[in-house]
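Here the structure comes first, spelled out in structure tokens, and everything after it is commentary.
The values are calculated or read from the model by the stated rules, or taken from the named source; none is laboratory data. Everything quoted here is computed from the prediction, not taken from an experiment. Cβ placement follows ideal geometry from the backbone for every residue including glycine, while neighbour counts extend to all protein chains displayed. These area figures cover heavy atoms from the full protein model, side chains too; ligands, DNA and RNA do not enter into them. Shrake-Rupley method; radii C 1.70, N 1.55, O 1.52, S 1.80 Å.
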Amino acid sequence: MIQAPHKRLDIHVTHSCQLKCTGCNHYSNYGIHEHFTEDTLVKWAEPWVDRIAFGKIQLVGGEPFLNKELKNICYSYRKLFPNTELLLFTNGLLLEKNIDWLYNCLNENQIRLIVSLHSKKDEKYLYKFKEQMYHLNNSFKFKLVEKTWLRSIYRVNNIYMEVRSVNDINPETDEAHWTITYKNKGKFMKPFTDNNPKQSWKQCIVKNSLQLYKYNLWKCPPIAYLQDVLKKFNLNNDLDWEPYLEYEGVSANITDKKLEEFLYKKEDWICAMCPTKPETLTEKTVL
């Protein structure tokens, strides 16, 4: 088994999301409504279970709680990866509706809950967010154990929860957590043409987040879900995007040598689609 403690494996539980966050690097702000079944996600993962020891397995979206099979997916992925740190990401807006099963699921599967705070200014959104956090804490009785510029970590018994303010600036590096990876929006979206993959990779905030999608491993979210968003806006034949649509990730048939090269390679040619000097956002449209 290849050891890759530096890599996180993201499992896209659903494309759907209630939010429309500016610059979402999973393109979940564009209303691509598709959930993936427990059976599908398990089949995608099975070929990789004995190939790679990842640092973390992350259940993400979209908004995972929109997928009605999320509870079963959590249990299945813990069985698949019994010794790997398992994280469940959410925007927090559906926590109250899932309180009944959530505590036992997190506890029994040793899953860390990551709640992302996407705006500090949108009053409508903040009201919904704070309401959900109140109900969660009222049920779980979390206690604050650590606080940094990005995250507040809470604990109750063996359950950990992080609340991450994803549009803050790191005071030590002056770098933002949230950056935009493509030009324009929607049907006008275009790749960057800085033509410096190495520098683009250095600026990337998801450089260690591999994606498991349709059985293959993909280098990052922007390339993994690109075909889906281009299809929505009829951009499949756009000449600027055409080269990047040829990328298909790596399949489980890859040799160990090639797989190790993939896992430890830094920049790749596809990194050219992203900027060398990304725009950072400290506030964004969320609804």
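For region 164-184, does any single residue satisfy the condition of being closer than 30 Å to W241 by Cα, open to solvent by less than 100 Å² (accessible area, probe 1.4 Å), outside any loop (DSSP other than H, G, I, E, B) and touching a helix residue (DSSP H, G or I) at 6+ places or on another chain (Cβ under 9 Å)? Yes: one or more hits. Of the residues making up region 34-43, at least one is open to solvent by less than 20 Å² (accessible area, probe 1.4 Å), of a type in the set (A, V, I, L, M, F, W, C), out of contact with any helix residue (DSSP H, G or I) (no Cβ under 7 Å at 6 or more places or on another chain) and in a loop (DSSP other than H, G, I, E, B). Applying the condition of being surrounded by fewer than 20 Cβ atoms within 10 Å (Cβ to Cβ) and assigned to a loop (DSSP other than H, G, I, E, B) to region 1-17 and asking which residue is farthest from the chain's Cα centre (by Cα) yields M1. Of the residues in region 51-60, none is assigned to a helix (DSSP H, G or I), over 20 Å from P222 (Cα atoms) and open to solvent by 30 Å² or more (accessible area, probe 1.4 Å). Here L263 meets the list (1) open to solvent by less than 60 Å² (accessible area, probe 1.4 Å); (2) part of a helix (DSSP H, G or I); (3) closer than 24 Å to G186 by Cα almost entirely, failing just condition (3). Among the residues of region 184-211, those that are within 16 Å of S28 (Cα to Cα) and out of contact with any Cys (no Cβ under 8 Å at 6 or more places or on another chain) comprise N184, K185, G186, K187, M189. Close contacts from region 218-242, counting a first residue that is over 20 Å from G31 (Cβ atoms) and a second that is among the basic types (K, R) and assigned to a loop (DSSP other than H, G, I, E, B), with Cβ to Cβ under 9 Å and a gap of 6+ residues or different chains, come to K219/K207; K219/K265; C220/K207.
Test L106 against the criterion of being surrounded by 15 or more Cβ atoms within 10 Å (Cβ to Cβ), over 16 Å from the mean Cα position of the chain (by Cα), modelled with pLDDT of 95 or more and under 15 Å from C17 (Cβ atoms), and give yes or no. Here the answer is no, as L106 does not meet what is asked.
Please pick out the residue among K266, K277, K257 that is more than 21 Å from the chain's Cα centre (by Cα), over 30 Å from K121 (Cα atoms) and charged (D, E, K, R). Lay out the reasoning, then the answer.
Details: K266 fails: more than 21 Å from the chain's Cα centre (by Cα); K277 fails: over 30 Å from K121 (Cα atoms).
From the options K266, K277, K257, the qualifying one is K257.
Surrounded by 14 or more Cβ atoms within 10 Å (Cβ to Cβ), hydrophobic (A, V, I, L, M, F, W, C) and more than 19 Å from G61 (Cβ to Cβ) - does that describe any residue in region 85-98? Outline the logic, then answer.
Taking region 85-98 as the starting set, the residues that turn out to be surrounded by 14 or more Cβ atoms within 10 Å (Cβ to Cβ) are 85-96, 98.
Narrowing further to those that are hydrophobic (A, V, I, L, M, F, W, C): 86-89, 93-95.
From what's left, more than 19 Å from G61 (Cβ to Cβ): none.
Checked against the condition, which is being surrounded by 14 or more Cβ atoms within 10 Å (Cβ to Cβ), hydrophobic (A, V, I, L, M, F, W, C) and more than 19 Å from G61 (Cβ to Cβ), region 85-98 yields no hits at all.
Could you grab me the full set of residues in region 61-103 that are in a loop (DSSP other than H, G, I, E, B) and of a type in the set (S, T, Y)? Of everything in region 61-103, just one residue is in a loop (DSSP other than H, G, I, E, B) and of a type in the set (S, T, Y), namely T84. Evaluation of K20 against the conditions (1) assigned to a helix (DSSP H, G or I); (2) closer than 18 Å to I180 by Cβ; (3) of a type in the set (D, E, K, R) shows that the sole unmet condition is (1).
If I ask for residues that are outside any helix (DSSP H, G or I) and open to solvent by 10 Å² or more (accessible area, probe 1.4 Å), which ones from region 109-132 would you list? Q110, R112, S116, L117, H118, K120, K121, D122, listed by residue number.
With the requirement that a residue be in contact with a helix residue (DSSP H, G or I) (Cβ under 8 Å, 6 or more places away or on another chain) and open to solvent by 60 Å² or more (accessible area, probe 1.4 Å), what does region 194-207 give you?
D194, N195, N196, K198, listed by residue number.
Restricting the first member to region 133-149 and to residues that are part of a helix (DSSP H, G or I), and the second to residues that are surrounded by 11 or more Cβ atoms within 10 Å (Cβ to Cβ), the beta-carbon pairs closer than 6 Å and six or more apart or on different chains are H135/E96; L136/L95; S139/I99; F140/V156.
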